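The values are calculated or read from the model by the stated rules, or taken from the named source; none is laboratory data. Keep in mind it's a predicted model, so treat the numbers as computed, not measured. Here Cβ is always computed from backbone atoms with ideal geometry, including for glycine, and neighbour counts include all displayed protein chains.
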Amino acid sequence: MNAPSLKPIVDEPVPQPGRWGAEELARLAAMVTQSSLFYWKGPQTTALLEEFRRLYPLKYAFPCSSGTASLHIALAALRLRPGDEVIVSPITDMGSVIGILYQQGVPVFADLDPRTYNLDPADVSRRITAKTRAIMAVHLAGNPCDLAALSALARRHKVALIEDCAQAWGAKHRGTPVGLIGDFGCYSFNDFKHIACGDGGIVATNHETYGPALTKWGDKSYDRVAGTRAPEELAPNYRISEPQSAVAAAQLGKLKEIVSRRNHAGGLLTSLLADVPALLLPTVADGDTHSYWFYLLRLDLPRLSVSRADFVAALNAEGVAAGAGYIPTTVYQYPVFRNHNFFGGAWPARDHGLTTMDYRQVSCPVAEAIIEDCIVLRLNEAMSDDYIGKVARAMRVVAQRFSK
Ligand SMILES: *Cc1c(COP(=O)(O)O)cnc(C)c1O
């Protein structure tokens, strides 16, 4: 009865939002009349800061070249010292950990909640040591972390809370935009994010200790405010430039609309599939707003008679834009970590006895299980209720076909 349909249930291509338009063009047109494309006090970067602060009212903000840069700047501003530990999620982009390692810090991976795929505060608590300097909360797929619990932990242990909001433009924890609760909010404008300018990022804080020097940490330790050049610390060039700022400023003007559509589509999908036993749907905490950069769910494989790969192949045959898995392994299982191959084969922090970390021994069983059974569904702001309805029907039909 339940054989593959002759005609795919999702009988139309994935709707594509028009990502750039009149707003971006107007800013770019104004930009080409400028005499300089340098970011400092540039009109486009100034507009970007205004748009950002309208949504994220943080006192100090530095637009920079990427999300990776924004996180690295936050860690440098914290003045992370060699051997200091930063607790982070094992399912994330490399950008979350690159800055930790470049500051000679030690990423410490904590396990995840099985249904939000975000840091499990209880496991974070177990991994806090005298060397812990920060917790990095990655809002995976756009689902806010348990910031109440993580910020309480951070306060209790006097460590910083860094929010990696790269996937979570527009997401809110109990009504507060993500990035405002931790000590730093870090954001990405890379092309794949739902608010994008090709490449770019922003790091922001209200902290009076870390805030004033953010610009120096992303701009060679030059003091643009005072107009002096007497670098006191080693800092990279992570500057944004006016073309990127022009596009990013226009994009932020659309954030509310984009995220409300994504949030609606994701919520609709969850409600339509809630009674399908083989599908383990993402849970969103009461009062939180998920921005659904993508829709991440898990398969209850013991209930199914096929592998994840075959399940996803069947979904694809029904026209569903689904992928088997997100990243191929946890971050600590990547070759760079397994081989501790950070600096030309050396790892100064360990070679000098500042850490005994061995990434081959790390174990986060929940994260490893998620890697094995998760499915990524494409989701975007152009998807109508009718389209989401077809996706849900196809998911239900495939799940029934293969349920034991
Ligand atoms: C994309 C991403 C980053 C890095 O952003 P880039 O702009 O690509 O450097 C960091 N963390 C997470 C969770 C991301 O998804």
What residue, of 250, 278, 226, 230, is under 30 Å from residue 215 (Cα atoms) and in contact with a Lys or Arg (Cβ under 6 Å, 6 or more places away or on another chain)?
250
Given the options 308, 303, 360, name the one that is basic (Lys, Arg), within 30 Å of residue 274 (Cβ to Cβ) and surrounded by fewer than 17 Cβ atoms within 10 Å (Cβ to Cβ).
303
May I ask you to list pairs of residues, at least six apart or on different chains, whose Cβ atoms are under 7 Å apart, with the first in the stretch 318-341 being free of Cβ contacts under 8 Å to residues at least 12 places away in the same chain and outside the structural domain of residue 306 (by TED's automatic domain parsing) and the second being assigned to a helix (DSSP H, G or I) and of a type in the set (S, T, N, Q)?
none
In the stretch 280-306, what residues are among the small types (Gly, Ala, Ser), more than 16 Å from the ligand (Cβ to nearest atom) and either within 30 Å of residue 350 (Cα to Cα) or touching a helix residue (DSSP H, G or I) at 6+ places or on another chain (Cβ under 8 Å) (or both)?
305
For the stretch 210-237, what are the residues that are of a type in the set (A, V, I, L, M, F, W, C) and surrounded by fewer than 16 Cβ atoms within 10 Å (Cβ to Cβ)?
225, 226, 230, 234
For the stretch 142-261, list the helices (runs of 4 or more DSSP H) that sit wholly inside it and hold at least 3 residues that are within 20 Å of the chain's Cα centre (by Cα); which are they?
147-157, 242-252
Could we say that residue 7 is in a loop (DSSP other than H, G, I, E, B), over 27 Å from residue 137 (Cβ atoms), away from the ligand (no atom under 13 Å from the Cβ) and not assigned by TED's automatic domain parsing to the domain that holds residue 122 here?
yes
Can residue 266 be described as surrounded by 15 or more Cβ atoms within 10 Å (Cβ to Cβ), in contact with a His (Cβ under 7 Å, 6 or more places away or on another chain) and not aliphatic (A, V, I, L, M)?
yes
In the stretch 331-368, anything of a type in the set (D, E, K, R) and over 21 Å from the mean Cα position of the chain (by Cα) is listed as 338, 350, 351, 358, 360
Taking into account only those residues within the stretch 185-221 that are touching a helix residue (DSSP H, G or I) at 6+ places or on another chain (Cβ under 7 Å) and among the hydroxyl-bearing types (Ser, Thr, Tyr), which is farthest from the ligand (Cβ to nearest atom)?
210
Considering only the stretch 155-176, I want to know if a residue exists there that is assigned by TED's automatic domain parsing to the domain that holds residue 81, touching a residue at least 24 places away in the same chain (Cβ under 8 Å), in contact with a His (Cβ under 6 Å, 6 or more places away or on another chain) and within 13 Å of residue 88 (Cβ to Cβ).
no
Among the residues of the stretch 94-138 satisfying the criterion of being in contact (Cβ under 8 Å) with a residue 40 or more places away in the chain and within 11 Å of the ligand (Cβ to nearest atom), which is surrounded by the most Cβ atoms within 10 Å (Cβ to Cβ)?
137
